[in-house]
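The next block holds one structure in the form of structure tokens; read it before the comments.
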Amino acid sequence: MNLSCRLAPALLLAAGLSVVLPAVHAAEDAAPAVKSDAVAEAYAALLERDYVYPEIGRRYAAAIRAGIAAGRYAPLAGDALATALEGDAQAVSPDGHLRVRPPAGAVAPGPVRRMMPDLVAIEQPGWIAPGIAFVRFNLFPDDAAVTAAAAKFMADHADARAVIFDIRTHRGGGIDQMDVIFPWLFDKPTRLVTMATRASVAETRGSPMDGAASMRPVAGAAGMATREHWATPNADARLRDAKVYVLTSSVTGSAAEHFALAMQHTRRATLVGAATAGANHFGGMEDLGGGFLAFIPVGRTYDPATGKDWEGGGVAPDIAVAPADALVRVLTDLGIGADDAKRLSDAHVPSAPMERRRGPQRVPAAAGSTSPGG
């Protein structure tokens with residue numbers, strides 16, 4: 001999830017899918033030859049300094065340095081080296097955002113995954129039935145036009161008796177679109193979630209939450225820069241009593257999970273579908289040298305009431321149904337007949353998958369870039 005591209009380089013979040021900035025591509029194109037052990041040591045140093053949990057960061061670094069000492073990385077290059085570094089870190093402690101990307105042209109043949117699929121940010125906004133507004137978000141990008149479109153959707157549907165947010169295919173992003181949605185839905189200032197960033201990152205490059213009016217600095221754990229995300233009502237009260245539903249799936253990740261948790265724990269929305277992806281930790285792409293890049297998770301987002309986040313387990317729905325059936329369930333709950341609900345659901349099938357792909361996956365160097373999260 002990109003919360004929200006305000007760093008240099010920006011910190012990003014994207015549901016276990018990293019996002020690469022244009023400046024990173026430029027560095028990659030001109031990357032000099034670097035020994036594999038030097039790449040590995042750069043990775044170890046970044047994990048030790050900046051990883052969201054200092055103790056785990058030290059364990060990651062120790063494992064990578066043990067690999068260096070054993071000569072594990074010296075004979076490797078390209079995708080093989082990226083795979084080894086990522087795998088050795090994940091073996092210490094799994095993290096949905098921890099990724100190592102090889103240089104351009106270094107990906108081995110076989111199953112691959114784009115770092116950020118080519119997704120349209122907003123799909124099918126409008127009235128799905130009389131009095132019921134519907135919109136699908138696939139991303140929360142760092143894009144003023146998308147933010148304006150989200151704001152327009154809310155204003156154009158301010159007379160709705162119910163609003164359905166479909167985030168079953170949402171891969172992450174930032175808070176800009178959330179911050180034009182939430183003011184319509186709450187009747188008083190409301191704390192949504194808490195976000196904590198390693199102080200080592202906040203002190204040297206700023207917090208990813210700096211500059212956002214909805215983010216309030218608060219005292220937090222030692223070694224962390226902590227902010228709370230707040231919703232402040234606007235002057236239009238029409239949607240404050242509207243029913244709100246959020247459709248989720250195992251693809252729903254990162255910034256989308258932030259949105260889902262905020263709506264759920266404030267009891268402003270009902271989540272319908274499957275548990276989300278479980279990709280909590282936000283961070284950013286770092287240069288390891290030789291064209292290698294690593295996504296280093298440097299912070300986490302959590303429920304301020306419990307202190308718990310969704311890393312690994314995801315955000316559980318209030319009503320558990322197969323994601324493909326989630327819209328039918330919501331529409332029937334809103335009084336739409338079963339046949340009409342099925343017809344409307346069939347007309348609003350997402351263009352992207354609602355289930356995570358299984359099996360071996362590598363991140364290709366030629367992945368498309370965007371400015372979103374996580």
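Does segment 123-230 come out rounded, prolate or oblate by the C-alpha gyration tensor, with a ≥ b ≥ c the root eigenvalues, rounded set by a/c under 1.5 and, if not, prolate when a/b is larger than b/c and oblate if not? Note, shape of segment 123-230 comes out prolate.
Given a Förster radius of 25 Å and the C-beta distance between A222 and K188 as r, what FRET efficiency does 1/(1 + (r/R0)^6) yield to the nearest 0.05? Can you show the working numbers first?
Values: r = 32 Å, r/R0 = 1.27.
Result of the calculation: an efficiency of 0.20.
Under 22 Å from the Cα of K243, which lysines turn up, not counting those fewer than eight places away in the same chain? Within the straight-line cut-off, K243 pairs with K152, K188, K342. Restricting the trypsin sites (Lys or Arg not before Pro) of segment 234-299 to loop positions (DSSP other than H, G, I, E, B) with no more than 14 neighbouring Cβ atoms within 10 Å leaves R238, R240, R267.
Available extension along the chain between D236 and A305 is 22.0 nm, counting 0.36 nm per residue and deducting the alpha carbon span.
Over the Cα atoms of segment 218-305, Rg to Rh with Kirkwood Rh, two decimal places?
Working: Rg = 16.8 Å, Rh = 15.7 Å.
Reported Rg/Rh, Kirkwood definition of Rh: 1.07.
The shape of segment 296-341 comes out prolate: with a ≥ b ≥ c from the C-alpha gyration tensor, a/c is at least 1.5 and a/b beats b/c.
Which of the peptides 303-311, 60-68 is most tightly packed, and how do the rest follow, judged by the mean count of other Cβ atoms within 10 Å per residue? Don't skip to the answer; put the middle values down first.
Details: 303-311: 15.6, 60-68: 19.1.
Highest to lowest by the protection proxy: 60-68, 303-311.
Throughout, read-outs are computed from the coordinates displayed, never taken from laboratory work. The model shown is predicted, which means the values in this text are computed figures rather than measured ones. Quick reminder, even Gly has a Cβ in these numbers, built from the backbone with ideal geometry, and neighbours come from all protein chains shown.
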